[in-house]
Structures are given as structure tokens and as C-alpha cells.
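Scroll down for the structure; my scribbles are underneath it.
Bear in mind that the values in this text are calculations on the coordinates, not laboratory data. Source: prediction; values computed, not measured. For neighbour counting, all protein chains shown are included, and Cβ atoms are generated from backbone atoms with ideal geometry for every residue, glycine included.
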Amino acid sequence: MNGEYIECPNCGAFNYNLNEPMFNLEFCSHLEWSLDFNNIENEKIKYYAKNFWCDGVSHLPEDTKSLLYHNIENNKQIITKAWIGYGGNEIYEMKIKFGEKAIENYKNNKSLIECIPGNNENPNWIKLFMEDKKIEIQLK
């Protein structure tokens, strides 16, 4: 079988292929290093979070079935966790929202790394909710 995330046609069991999924450790590492807290949408929070940094993004989402292409296509997001804060050690729920390019890349088994917004490409691609310990990012 050539699909990365497949449901068995006979029993409906979910197969998570750890060999090379598109949402993987390499992507999460790139995402971690790309998080620039100067690109936060909310101006009030931007002041408090400008010295924040990220010390990791989990490559295993809360719901592994969210990695199925039809779930990505329908929900346009994956929810995982990230370690963020002044010391990079507070656990935040991270919602990774998929734009058109990310959905297309996911469908065609192409890297999601190129879907992470670059410097000044999309200045407000990060939404941070400090009180709720949640972060939302928007891929291209």
C-alpha cells in the first residue's frame, strides 16, 4: 500500500505509518524554529510574548486519526501540543491550521515545511491565547 495513513478496507483499523508521514518530527522541528513571537496577531499579547520561545512541537497529535487525508481535508487542522513560554517549558495546545498549499502538499505527500510562512510573508500567522495556554498557527 502506498498511502501513509490508511483505514483498512476490511476491518476499518487505522494504520499510522511511522516511516515518513508528512506531519513528522522534521516538520515539527522546522515549525518550532520558525515561531517568531513578533508575528502574533494580538498587539496586547505581542508585548508580553516577544521574549517567548518554543522548545518543541509534538509530532504525535492528540487524535492520530486527524492525520488521515480526508480529516485534514474536512477539518483543515491538526491539534497537538507545544512547549512555549519565557523558558519554553509551558505546555500549550497547538492548533495547526492548513491553508490551500498545505492541504495540497499533504494530499500529494509533499513536505509541509514549505507551507510555514517565512519572514514577513504573513505577519499575523500566529495567534496566542496566553490565559488558555493555546496557540493557533496558520500554514499557507
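In loop segments of the stretch 32-87 as defined by DSSP, the GluC sites (Glu not before Pro) with at most 15 further C-beta atoms inside 10 Å of their C-beta are Glu41, Glu62. Each Lys or Arg adds one and each Asp or Glu subtracts one; over the other residues with Cβ under 12 Å from the Cβ of Pro61, this totals 0.
Evaluate E = 1/(1 + (r/R0)^6) for Asn71 and Lys44, where r is the Cβ-Cβ distance and R0 equals 35 Å; express this FRET efficiency to the nearest 0.05. Taking R0 as 35 Å, the efficiency between Asn71 and Lys44 is 0.55.
Can you bin the stretch 67-140 into rounded, prolate or oblate? Criterion: square roots of the alpha carbon gyration tensor eigenvalues sorted a ≥ b ≥ c, rounded for a/c under 1.5, prolate for a/b above b/c, oblate for the rest. Prolate. With 0.36 nm allotted per residue and the present C-alpha distance subtracted, the Glu121-Lys107 stretch has 2.7 nm of extension available. Using C-alpha pairs under 8 Å with a sequence gap of at least 6, the mean separation divided by the residue count of the stretch 18-140 gives a relative contact order of 28 percent.
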